[in-house]
Every structure is written in C-alpha cells, then in structure tokens.
Amino acid sequence: MNAIDTTTRQFQDLADKFEITELVSRLGRALDEGDWEELAELYTLDASARTPGGLATGREALVTQARRNHSPDRHIQHVISGVLITLDGDTARVRANLLAVFAWDPAQDPTLGSRPQLTLGEIYRFEAVRTPGGWRFSRVESSPVWSVGTRPAPATP
C-alpha cells in the first residue's frame, strides 16, 4: 500500500470511528429523552440486545424493551465514556463505559424529590455494521459492574 492509499485509509478509519462514536452518543440521548423513533434508527432491522432489562431481537422488540425500562417518570441520564472501536471493514466492535443515574419524577412521589434513587455502572459492548444509511448497531450488550440504590420495577406499557 502506498502513502496515498495509507493516508486515505487512515482518514476513512477516522471518519468511521467518529460516526460510530456519534451513534453511541445518540443512543444515550435517545434513551434519556425517550425518543423512540431516533432509537429505532440506530439499529439494523435484525439487531439484538441483551441488557439487565432482558433479551430482545429485532428493531421493534429493542424499542419496546427500552420504552418499558426507560419510562418518562424516571428521569434517567446515561453518561457514556471510554468508547473504544475496533474496525474490520464494514463491521466494528465497540466497548464503552456506562454510568446511568435514575431519579424518579417528584410528581410521582414528592418524598423522593428528583434526587438519584439508583446509580449504576455497566460495560457496553456493541457490534456495528456499515449500511447504506450509515453505521448501525447490530448487537448491543450491557453488563452490570456495580450499582447503588434500588432498580425500579419495569414500567407497565
């Protein structure tokens, strides 16, 4: 490979890593804000997710699971850091740290206020694929590492 080809490859790798990092950030924002349409756009049609909320296969099932575990009365903030990406052509493996803070809506229980009721640390592992519409997640897995507080029961649909 000559110097021009090497430079072109390096620029493409940087562009791919930037787009995948944006995909990870968009995931956190969509979950925080309950933007289910945005969330659906992040996945391939046949994507799968294994999280503390359960196993889901297929884009629609992933969104349903996320909606059940991220209801509007739970003010949630996902802080995702340490995004590491390994590219392999049109596929990528991603590892990231997740810090998620849950604070219940004070209107639901005024005695709790809006202070955090649950804080947890997890490891995110993603597989992503290049599609005609850009990079999309084909697999998501989150593994709990630690937590402080009580995990809420899933919301009823």
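The values are calculated or read from the model by the stated rules, or taken from the named source; none is laboratory data. On a predicted model such as this, the values are computed, not experimentally measured, just so you know. Don't worry about glycine lacking a Cβ; one is built from the backbone with ideal geometry, like all the others, and counts go over all protein chains shown. In case anyone asks, the SASA skips ligands and DNA or RNA and just uses the protein heavy atoms, side chains included. Shrake-Rupley method; radii C 1.70, N 1.55, O 1.52, S 1.80 Å.
Just name the residue that is surrounded by the fewest Cβ atoms within 10 Å (Cβ to Cβ) out of those in the range 119-133 that are small (Gly, Ala, Ser) and in contact with a helix residue (DSSP H, G or I) (Cβ under 9 Å, 6 or more places away or on another chain).
Per the stated criteria, the residue is GLY133.
Can you pull out the residues in the range 14-24 that are acidic (Asp, Glu) and open to solvent by less than 50 Å² (accessible area, probe 1.4 Å)?
ASP16
Got a number for residues in the range 30-53 being in contact (Cβ under 8 Å) with a residue 12 or more places away in the chain and closer than 23 Å to VAL101 by Cα?
14
I'm checking my understanding of the structure. Among residues of the range 25-61 that are among the charged types (D, E, K, R) and outside any helix (DSSP H, G or I), which one is least open to solvent (accessible area, probe 1.4 Å)?
Checked the range 25-61; the qualifying residue least open to solvent (accessible area, probe 1.4 Å) is ASP35.
Say we look at the range 77-89 and pick out the residues that are surrounded by 12 or more Cβ atoms within 10 Å (Cβ to Cβ) and more than 13 Å from the chain's Cα centre (by Cα); which of these is farthest from ARG9 (Cα to Cα)?
ILE85
Based on this model, can you work out whether ALA96 counts as open to solvent by less than 60 Å² (accessible area, probe 1.4 Å), modelled with pLDDT under 85 and not in a loop (DSSP other than H, G, I, E, B)?
For ALA96, the condition - open to solvent by less than 60 Å² (accessible area, probe 1.4 Å), modelled with pLDDT under 85 and not in a loop (DSSP other than H, G, I, E, B) - is not met.
Quick check on the range 65-76. Is at least one of its residues modelled with pLDDT of 90 or more and open to solvent by less than 40 Å² (accessible area, probe 1.4 Å)?
Scanning the range 65-76 turns up at least one residue that is modelled with pLDDT of 90 or more and open to solvent by less than 40 Å² (accessible area, probe 1.4 Å).
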